[in-house]
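First up is the structure itself, then whatever we jot down about it.
The values are calculated or read from the model by the stated rules, or taken from the named source; none is laboratory data. A quick note: this is a predicted structure, and the numbers were derived from the prediction, not measured. Cβ atoms come from the backbone with ideal geometry, glycine included; neighbour counts cover every protein chain shown.
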Amino acid sequence: MMSTELPFGVTFADLPEYDLAQIRKANAKDWIDKLREKRWYYVGVFHPEVFVGVAIIRVGPLASAFAYAFDRKEKSLFGHNMLGFPVQVRFDLDPCYGWLKFRAFRGSITIQPRQSDGFRRLTTALTFPNTSLDVQLNYGWSDHIPQALCLLAALANDRFAFTRKMVGHEVSGHIRFPGRQIEISPGDAVAVEDWTIGFHPRETFWNWATGAGVDQCGRTVSFNFSGGVYTVGEGENVVWLDGVPRLFGPVRFVYNPSKPLKTWRITAQDGSVEMLFTPEGLRRADQDYILVASRFVQVFGQFTGTFIIDGERIQFQNANGVVEEHFARW
């Protein structure tokens, strides 16, 4: 399959109709190409008392994972960063029905495939003293599954990336960390997931913003915006209004990189997007192994802003979510 034959662009569906395994095979022609492949899965949970983030990453011959809980009242972060090798990871090539696992000395992270009831299950077993993190969460959809953003994007050197993003899942379960146990019932929190595979450039930079809330009419509003990546053709900027997706054009992130806990602004040149993000806390990870490096900042907080959809001004306040800046040499 040549790159000119690939179905580049955005599809709103639970799963794309094309075969990711065949597309991957066309891009990974030899063992060197396979070393350049990147895969990651991130799930974030936004609750009035806590932010939770979990990720499993595989980059060529290396693998890593992280899990954190941010106590919004105490402004304290309980987190784990783990580095390993591909043998410690299971990352099936299926965004919804594949397993995701990471096992290391610190413990394990397991994300089960979607079950017949429409939910996935996230389990962490991270038991280091003073930073233990026990997460047992189900997230998904109890009635219907809204249309996810599925983007097949053209990259440099005749390569590609595929990403599937969905924001606003129902969540139930519990979160335990030192001094706190939070029980989550349906309606208490929302989740976002990002499943990505690709042959991104050697050096990659992006900004990302995602969150969920309600508008002035009581409708659910969730969104995903990025900058610096997927700049050719359709991007991944989308708003779901009561579960119905609408694609937006490029946006600009305005913030102070040296002071990420200051206010962020995300805006579109045509005025269709105008958001202010008020930070509450952050997770930072700076890693430099010469051949590979990562500078990552994810900030937790709330969005207030306006979207314009079909001439209607959609206004919202105090939508929980995250923004991030990430530079990777991989």
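Any residue at all in the range 211-228 that is outside any strand (DSSP E or B) and buried (at least 17 other Cβ atoms within 10 Å of the Cβ)? Looking for residues that are outside any strand (DSSP E or B) and buried (at least 17 other Cβ atoms within 10 Å of the Cβ), one finds none in the range 211-228, hence no. Can you say whether His174 is over 20 Å from the mean Cα position of the chain (by Cα) and not β-branched (Val, Ile, Thr), as far as the supplied structure shows? For His174, the condition - over 20 Å from the mean Cα position of the chain (by Cα) and not β-branched (Val, Ile, Thr) - is met. Residues considered: Ser172, Ser185. Of these, the only one that is surrounded by fewer than 15 Cβ atoms within 10 Å (Cβ to Cβ), of a type in the set (Ser, Thr, Tyr) and more than 17 Å from Phe307 (Cβ to Cβ) is Ser185. Of everything in the range 52-94 that is surrounded by fewer than 23 Cβ atoms within 10 Å (Cβ to Cβ) and charged (D, E, K, R), the residue that is nearest to Trp195 (Cα to Cα) is Asp94. In the set (1) farther than 18 Å from Trp99 by Cα; (2) small (Gly, Ala, Ser); (3) at pLDDT 90 or above, Gly60 fails one condition alone, (3). For the residues Ala268, Ala285, Ala328, the requirement of being of a type in the set (Gly, Ala, Ser), modelled with pLDDT of 95 or more and surrounded by 14 or more Cβ atoms within 10 Å (Cβ to Cβ) singles out Ala268. Listed by position, the strands (runs of 3 or more DSSP E) inside the range 126-191 whose residues that are closer than 30 Å to Glu203 by Cβ number at least 2 are 148-155, 159-177. Can you tell me which residues in the range 206-251 are closer than 20 Å to Phe327 by Cβ, of a type in the set (Ser, Thr, Tyr) and touching a Leu at 6+ places or on another chain (Cβ under 9 Å)? Residue satisfying the conditions is Tyr230 alone. The combined condition, being farther than 15 Å from Ile57 by Cβ and not aliphatic (A, V, I, L, M), is fulfilled by Arg121. Pairing residues of the range 223-250 that are more than 16 Å from Phe162 (Cα to Cα) and touching a residue at least 40 places away in the same chain (Cβ under 8 Å) with residues that are small (Gly, Ala, Ser) and in a strand (DSSP E or B), at Cβ distances under 7 Å and at least 6 apart in sequence or on separate chains, gives Phe223/Gly211; Trp240/Gly168; Trp240/Ser222. For the range 178-231, enumerate the residues that are on the phi > 0 side of the Ramachandran plot and among the β-branched types (Val, Ile, Thr). Within the range 178-231, no residue meets the criteria.
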